[in-house]
Amino acid sequence: MLVGQQVTYSRKFEPTSYEQATWSTIQQSLRRRALQAMPQEKSLAIIRSPGWTWKPNFYQNAANW
């Protein structure tokens, strides 16, 4: 937002090698989890099937995620 308002700034953020390694580790973890995920089509087919029912309190703690 400040860049759009043309607020002057002196330097570009340069992450340390530790920060770069940490971010790389996070990305690799997320990539692995995404590759293990169920395809959207399959999950939609499951919840749209006649035998599917939601657990009564499924979303009760959703705000705590």
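Every read-out reported here was derived from the displayed coordinates using simple, explicitly stated rules and does not represent laboratory data. What you are looking at is a predicted structure, and each value in this text was computed from that prediction instead of being measured.
Seen against the Cα atoms of the chain and their longest principal axis, helix 17-35 is set at about 20 degrees.
At q = 0.25, 0.26 Å⁻¹ the log10 of I(q)/I(0) for the chain amounts to -1.09, -1.09, computed by Debye summation with a single uniform scatterer per C-alpha, solvent ignored.
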